[in-house]
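Reviewing the structure listed below.
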């Protein structure tokens, strides 16, 4: 049970504010924002998503640069409230197509309408985009998608000629196409976030894949859908074995998930038999299945770091990135970061010639090296040389004082787990019914770290 | 761009805080109010939007209330909704104007469109104006019977809103009973779920004053109701499922078959993508199996994977909430998670609140087989750019060292930290080495060699400096230049800002003096004189104390300041096990995230679904004095409840003179002595006088006639039970018997001080664990144990002093002897107040 709900902009402005029970004083939005902004004097530590201030519990999640906040005096389930906040954000996104400050400001009346139906007197009524459709009457005012920053959620699927219809995923569930009828289509995205830690000798210390099969349906009439996964998919590990001894299975053999969970609408009647999921997808975006995997996989990138001292106040860092995936695949928006010793005063870079879209920078404030690469084609290798100048002698401690090297990237149409959607069947309403089906894969770095 | 200062801001035209804009709106609205021109709704919409956007950013637009209401005569539902929103926001501060809206809201409640009916009813109930409640009853009554489920759904919550405005109106209209009917019969699950919410709140707060409500509240967790919900659980929305699961937690199945049935039924809820559903299910599993050790452990194994999956899917905020719960479980049963330690490794991009939890978990799960790898990992974090986390990591290594037997490798790592030459690393490592030496003095040789190399100039943090100084004093025999380092520190006495460091310096130089007098004498003299001149009271006092000690006798001084020490085997835990148990009982609540039981951060009416612990938490402990300042009462009571077990033992022992009672003899003399000692105002004479004044004819009732013959059951006069166990038992045991009987007039009079009853019952080997309430309604929780076996009786005793009635609920380990015990309890109670 919550008492208030509000959305704040990055600057702390109230965009919407709803008081459901009148139990908490009015100035909470301001109190909250000040507390979050100045959580620790040094500003380094982030405020936790839940905290208590003078008897009021504040919950918040950050979505699209906005703060979604709930307050209550009651000792509620934190999971429930945080889950709810996330869900409210998703419902709003379903309606507005794009969730950002501008779209929210333009559509705040619609958002109030939604909020009134989602929560009554602090109790959740429904968060189903589908159910809400019958209660909500405002038409969304669409925000121009073209004006979005390049890193919007749709952009991760854009790659050369295989450009996805970028506007589709930013389309409101209630908006209609200019032609009057909305287009029948369904999107299934297999998004895998990978975490790998390499030891200083290049050995994999830990690796994990956190995957989601995300669905967004624009199908009318709620047809039933059948989603078939790999037949050799296994769930759960046999007991006794350590989590990381599956090296032998790399390259071939079964896909073994440690665990997974499913959306409410999913029926698992045939799952044990043929690994198919049956569901009637509700409107809007939702995760069909979340899964987690620690089975060893081939990491898409290898990182080599070499540090050579060159005199007492100088050193050279050589970073090498090798893309170990097929040449038909291209990774994009790669960023390599490496903390340098605190006494580093200057760094000059030598980039390989012939590679476009590379940048290298030394961030003076936090003594960090940043190497950005627009694209890397599978099978290729890139090197960066950096010459460092120090303000004091390093005593041979450079390696201890720098690193680890971390990396973020996105690889469209590639997934490391080899989990696949074999087919996507839509129950036919009539013979000519053939909606668009988009099945897309993407791999992203979550925590990709090489120690030196 | 320079941010505008406040003074510039208010008159700026873009910030519509001026009255002008609101005034414009007012006149524009007035123009539109009567208009029937085409497209007028669109212009209204624009204006309404403006009003609401002002409202959102906190500008007071209550002055357009009248105009808004005039404009609300429309069939445009979007307009209506905006108007409802506005009215709901300002009705409370404008009760007179709110009356204006009643008319059109009531009319809309009878609209043909169920959507409009529902919306109007919701707004009507949201006005929160006390003198308008009479207008709510009618529409609510028809709303509850509406054929449309949306209207019923709104009406049910409406009843709850009404209850919060005027509880008596709600109860008098018999709405709770209607809700109960809906809860058990409605076809729409959201109507059912809302009814459950509303009834939990209503009966929860009514239960204090009404027996019936209390029974109804109990009935919510009766078998038929619980099964009704369990069998339908999958029809409910995920949020309502959480609600049902919270209810099921409070239910106590009669046998293990029932437990397994429930668990099998709920098993697939663990695969739900919504973390709140999974955690609520886990709570049910954990609570159901508390008394079945093997199964309980299996539950831990079963929930591991789903929890880990939730931690790694979803937003960082969601995973934090789940991780906090995983953290609690890991701390409770580290051995179950010891092979999963890699899941608790920190990722470089995680927020520090997540990293801190993970570090604690890594510390907890470290054992012989994984320590090496965990410590290696932690050492990587020590070089982390995030200094706070680097510090925590070093502390974690230290904690692991303190909880392990084989520490060789760890000691080496710690000593390596000292050589890293990062000031914060050195600081943390010094503190750890000190603690380590207190536990493992055998390592002193290796450590001292390294510590000796650290220049005290490089150590600035008070804690680290104090640790270094402590080691210098303690091991001055092995560190050749200890006296000289201390001496140089003393020379800089005035620059030393931390009193803690100066205190340590005094003690260290004393210790050093006893070991190496000639070299230290000068330094000691300087330290003592500096200490005596110190402005800090503690430092001054310690210096004076040492000085006098030395003057008196140097040998004795050495025995006092530098006695031979025993190695510390276990360092005190920061949290008592009672507190930990209480947090565990409050699984799936904020208590877990804050790592505090709810009474520490929430006032009593907001503690959520833990009604029983609330009751105990609010009641005062028997031994507590009546003179407590009321403002501090709740907190003090809570502390007493958790920490007062040992004190209570003492007081029990004191009043019983050390001799165990074999039968409940009524030793009235000792009773009156204790009473008069503790409560001078209520000595027998004083109460006699009062009784006489009231004309109750005290002496008229012969004692023997009232007292039934003492039953044969023998109770342990020194029974001890800690509050946590009491709570747990109270929830687990079924109700054995409920009785109601009258108090003697004397007893009622003596009850002006609840303490008197508590002492009286104590003398009968019936111990009070908590008491509370305000006259005329008092409530006590008692317990007793059988003299010859560990079989406990728990009693809830509610006394109404104005009706002189006592209601007794008894729960017992051994059901067969309940009758005897209840007779005994009755006779003890009936004897109360009779000297």
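Since every read-out is calculated from the coordinates, none of them should be taken as a lab result. Since we're looking at a predicted model, the values are computed, not measured. Neighbour counts run over all protein chains shown; Cβ positions are idealised from the backbone, glycine included.
Please list the equivalent ellipsoid semi-axes of the range B:91-170, computed as the square roots of five times the alpha-carbon gyration tensor eigenvalues, in descending order and whole angstrom.
Semi-axes, largest first: 19, 14, 9 Å.
Using only DSSP helix segments of four residues or longer, with each worth -39500 (n - 2.57), what per-residue ellipticity at 222 nm results for chain A after dividing by its residue count and rounding to 500?
About -3500 deg cm²/dmol.
Is the shape of the range B:109-235 best called rounded, prolate or oblate, per the rule: a/c under 1.5 gives rounded, else a/b larger than b/c gives prolate, else oblate, with a ≥ b ≥ c the square roots of the Cα gyration tensor eigenvalues?
oblate
Taking Cα atoms, how many degrees apart are the long axis of helix A:28-37 and the longest axis of chain A, rounded to 10 and kept between 0 and 90?
Computed tilt is about 10 degrees.
Based on alpha-carbon atoms only, what is the radius of gyration of the range A:1-85 relative to the globular estimate 2.2 N^0.38 Å?
Ratio of Cα Rg to 2.2 N^0.38 Å: 1.01.
What fraction of the Cα pairs in chain A, stated in percent, has a spacing above 36 angstrom? Walk me through the numbers before you get to the answer.
Details: 41036 of 101926 pairs.
When all Cα pairs of chain A are counted, 40 percent exceed 36 Å.
Please report Rg over Rh for the range A:49-134, where both radii come from the alpha carbon positions and Rh follows the Kirkwood definition.
So for the range A:49-134, dividing Rg by the Kirkwood Rh gives 0.97.
Given a cut-off of under 8 Å on Cα pairs at least six residues apart, what relative contact order in percent is computed for chain A?
Relative CO of chain A lands at 15 percent.
Quick check: the angle from helix A:108-118's long axis to the longest principal axis of chain A, C-alpha only, nearest 10 degrees?
Approximately 70 degrees, to the nearest 10.
What FRET efficiency, computed as 1/(1 + (r/R0)^6) with R0 = 56 Å and r the Cβ-Cβ distance, is obtained for residue B:740 and residue B:438, rounded to the nearest 0.05?
0.40
Kirkwood hydrodynamic radius of the range A:353-426 from all distinct Cα pairs, in Å? Write out the running numbers ahead of the final one.
Values: mean 1/r = 0.0604 Å⁻¹.
About 16.6 Å, per the Kirkwood formula over Cα pairs.
At residue A:422 and residue B:516, where each label point lies 7 Å from the Cα along Cα→Cβ, what is the point-to-point distance in nanometres?
It is 7.9 nm.
When only alpha-carbon atoms count, how far does the range B:41-181 stretch along each of its three principal axes, as whole angstroms with the largest first?
45, 29, 23
Convex hull over the Cα atoms of the range B:244-338, averaged projected area in nm²?
5.9
If you fit an axis through the alpha-carbon atoms of helix A:78-96 and take the longest principal axis of the Cα set of chain A, what angle between them do you get, 0 to 90°, nearest 10?
80
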